[in-house]
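Scroll down for the structure; my scribbles are underneath it.
The values are calculated or read from the model by the stated rules, or taken from the named source; none is laboratory data. Because the structure is predicted, anything quoted here is derived from the model rather than measured. Glycine also receives a Cβ, built like all others from the backbone with ideal geometry; neighbour counts cover every protein chain displayed. SASA here: full protein model, heavy atoms, side chains in, ligands and nucleic acids out. Shrake-Rupley method; radii C 1.70, N 1.55, O 1.52, S 1.80 Å.
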Amino acid sequence: MTTAYEPSTGEYDALGRRISAEVDRVARRERRARHAMAIGAATAALAAVGAVWLASRDFQDYGAYCYSEPSTSSSFVTISSATEAHGADGRAQPAPPIPALEMCAAAWRVGAVGPHATQPPVEGVEYAVPDLVACLRGDGVTSVFPDVELLGEAALCARQGLAVAAP
């Protein structure tokens, strides 16, 4: 007999800290490469989104939906990165957005999304991250799906009725 388990507030907080730590770790490692590509990526994102601005600008830039299966009807988590950081002088400044694929990979790695999502987080345990594909919703928010059939971006996004998200 299976019993339902509702994680405690502390366990949810621990999961949030693990996701944030993993996102920060990945962000630090790839920050230099992103800075060089930021202008090109921003231009491509604007071209892909066009004039659709239904979601908040911050959520379009800093947030994503991380789906557990390759379907918009599957369960998902909403995730976002910090919109500001503090410089060496202690002043707040805009933070560079963390790519949706990186944020969702971090969520998969700590078990916040995917087959382990019903379990409370386990300190020190990392789960496998499937191939992930980023698609763009009509409101400009990125949705990330596992590509379990290895369809590729174009086919998987088209199956969802979405555009391929700009890199």
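At 1.4 Å probe size, with the rest of the protein present, what percent of the exposed accessible area of region 61-167 is carbon and sulfur atoms? If you can, show how the numbers build up before the last one.
On the way: 2770 of 5270 Å².
That fraction is 53 percent.
Scan around V164 for amide H atoms under 5 Å from its own, H built in the peptide plane at 1.01 Å from N, and keep only partners 5 or more places away or cross-chain.
L136
What net charge is computed for the residues neighbouring A134, neighbours being all others with C-beta under 13 Å from the C-beta of A134, Lys and Arg scored +1, Asp and Glu -1?
-3
Each label point is 7 Å from the Cα along the Cα-to-Cβ direction; what then is the distance between the points at R91 and V129, in nm?
Calculated label separation equals 3.4 nm.
What's the center-to-center distance, using Cα atoms, between region 135-167 and region 117-134 in Å?
When both Cα centres are located, 20 Å separates them.
What fraction of the Cα pairs in region 58-167, stated in percent, has a spacing above 19 angstrom?
46
5 Å is the cut-off here: which amide hydrogens, built 1.01 Å from N in the peptide plane, fall below it relative to V133, excluding neighbours closer than 5 in sequence?
F145, D147
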